[in-house]
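The values are calculated or read from the model by the stated rules, or taken from the named source; none is laboratory data. As the structure is a prediction and not an experimental result, all values here were calculated from the model. Glycine also receives a Cβ, built like all others from the backbone with ideal geometry; neighbour counts cover every protein chain displayed.
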Amino acid sequence: MKSFILVGLLAMLAFAHCANYAVLVAGSNGYYNYRHQSDVCHAYQIMKKNGIPDSNIIVFMYDDIAYNNQNPKKGIIINEPGGPNVYPGVPKDYTRDEVTPANFLKLLRGEDMGMHKKSLKTGPNDNIFIFFSDHGAPGLIAFPGDKMLYAKDLISTLKFMFENQKYNKLVFYLEACESGSMFNQILPSNWNIYATTAANPYVSSYACFYDSSVSAYLDDCYSINWMNHTETHDIHSTTLEKQFQDVKRQTTQSPVCVYGDLKMGPIAIAEFQSGGNSFRRTKKSTPNMPRTQVDARDVKLSTLQRMVAQTNDEEERNKHIAELSEYQRHIDAMDVAWSSFKGLMNIKQEALVNGDNCYGKSAAFDCMQRMVPVAQKLGLVSEYSLKHLKILNQACYEHSDSEIVEAMQLVAKHF
């Protein structure tokens with residue numbers, strides 16, 4: 001009788017964890033950002049093949065790549081050279097103007113998302129996997145239309161989820177420049193959250209694999225590394241810690257970091273990236289392909305330069321040359337503007353360099369949340385100039401709001 005009760009108790013414990021959910025977010029739009037949506041499409045195919053039902057996978061994706069006028073392969077998105085089409089079947093849960101920070105946070109809180117929209121109705125026995133791919137800067141990650149999700153708002157939402165028992169355990173993989181700043185020193189170790197990032201709080205992440213047949217960078221290095229790792233390993237025995245260490249080693253251009261509850265490291269990745277399927281792997285090995293790694297800030301410039309070099313048609317080439325010249329003027333203007341701001345604020349270059357440390361000085365969260373909208377209104381923020389917001393972040397440590405605003409206004413007058 002006792003053994004029967006013990007077996008019953010063990011069975012109850014085994015099934016205490018109810019379900020796995022995946023939230024996959026591409027935070028950009030535009031063909032030059034091809035890689036973010038291809039990352040998310042690939043992630044969807046992995047989750048789906050690993051047995052997570054569509055009802056438990058929620059996708060945020062602007063959905064302007066597959067049938068974009070610049071895409072010569074209509075209806076096709078690939079995430080690595082020679083790879084399969086990862087677009088078929090991807091749910092159109094949140095697209096176009098629905099891809100916003102407000103909707104993302106609302107979903108995570110488990111709120112009703114409206115008629116015919118998926119909601120994240122999770123409870124204390126459910127595991128959640130979140131993957132986000134886009135641009136970033138100190139203390140923020142970007143969404144289409146220059147909308148920003150600030151670190152404190154994300155952490156506040158994660159705190160709400162923890163305190164209201166919206167999950168059992170949560171894993172967050174974040175692909176963005178300065179992505180470590182979203183968790184550094186503000187994600188507690190007791191919320192059952194394990195977060196890895198493509199970069200530390202101070203440097204860019206990198207794009208990989210340019211494909212001339214679609215004139216785009218197909219993926220981000222950190223993202224393709226963790227996805228290939230999942231597809232080439234036994235997901236039921238490979239742990240979060242093992243995946244983190246291997247991806248960190250493979251991602252050579254930016255320091256991959258980990259934050260939160262590091263005691264979750266020994267948990268198998270199947271507990272988050274699988275719905276319980278019994279198969280072990282979908283690829284025999286990771287493709288050994290030459291990489292064309294480039295700083296994420298320079299992807300558009302690099303793409304335009306490649307398009308000029310690879311185009312034989314004179315009319316088409318002249319078109320690309322004109323677009324390249326226009327974009328180069330934008331880069332030069334932004335560089336001059338932020339260099340002027342740096343001079344006005346008397347910010348030393350050494351204050352902007354922090355090496356490979358994942359746990360250094362945190363972002364000036366409150367000040368950045370006040371000052372970035374001001375910079376946006378003055379025309380000083382673009383996808384490219386996000387690289388310069390580390391200057392604004394440092395200014396927040398050294399100056400008052402009024403001094404920063406005055407300097408930005410002065411710079412904008414000559415911009």
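Quick notes
- Residues satisfying the criterion are present in the range 380-387 (criterion: under 29 Å from K248 (Cα atoms), touching an Asp or Glu at 6+ places or on another chain (Cβ under 9 Å), touching a residue at least 12 places away in the same chain (Cβ under 8 Å) and aromatic (F, W, Y)).
- For the range 165-172, the criterion of being of a type in the set (K, R) and part of a helix (DSSP H, G or I) is satisfied by no residue at all.
- When the criteria are applied in full, P290 fails the requirement of being under 30 Å from Q328 (Cβ atoms), out of contact with any helix residue (DSSP H, G or I) (no Cβ under 7 Å at 6 or more places or on another chain) and modelled with pLDDT of 95 or more.
- Of the residues making up the range 357-378, those that are outside any helix (DSSP H, G or I) and surrounded by 15 or more Cβ atoms within 10 Å (Cβ to Cβ) are C358, G360, K361, S362, A363, A364, L378.
- Residue tally, condition assigned to a helix (DSSP H, G or I) and surrounded by 14 or more Cβ atoms within 10 Å (Cβ to Cβ), over the range 311-345: 18
- For the range 49-63, residues that are within 18 Å of the chain's Cα centre (by Cα) and of a type outside the set (F, W, Y) total 5.
- Of everything in the range 298-345 that is more than 27 Å from I404 (Cα to Cα) and of a type in the set (V, I, T), the residue that is nearest to the chain's Cα centre (by Cα) is V299.
- Restricting attention to the range 239-270, the residues being surrounded by fewer than 20 Cβ atoms within 10 Å (Cβ to Cβ) and assigned to a helix (DSSP H, G or I) number 9.
- Filter result for Y397 (under 25 Å from P101 (Cβ atoms), hydroxyl-bearing (S, T, Y) and either modelled with pLDDT of 95 or more or out of contact with any His (no Cβ under 9 Å at 6 or more places or on another chain) (or both)): yes
- Applying the set (1) over 30 Å from A216 (Cβ atoms); (2) surrounded by 13 or more Cβ atoms within 10 Å (Cβ to Cβ) to S385 leaves exactly one unmet item: (1).
- Test: E383 is part of a helix (DSSP H, G or I) and not assigned by TED's automatic domain parsing to the domain that holds M148: no
- Among the residues of the range 174-194, those identified as surrounded by 24 or more Cβ atoms within 10 Å (Cβ to Cβ) and not in a helix (DSSP H, G or I) are L174, E175, A176, C177, E178, F183, N184, I193, Y194.
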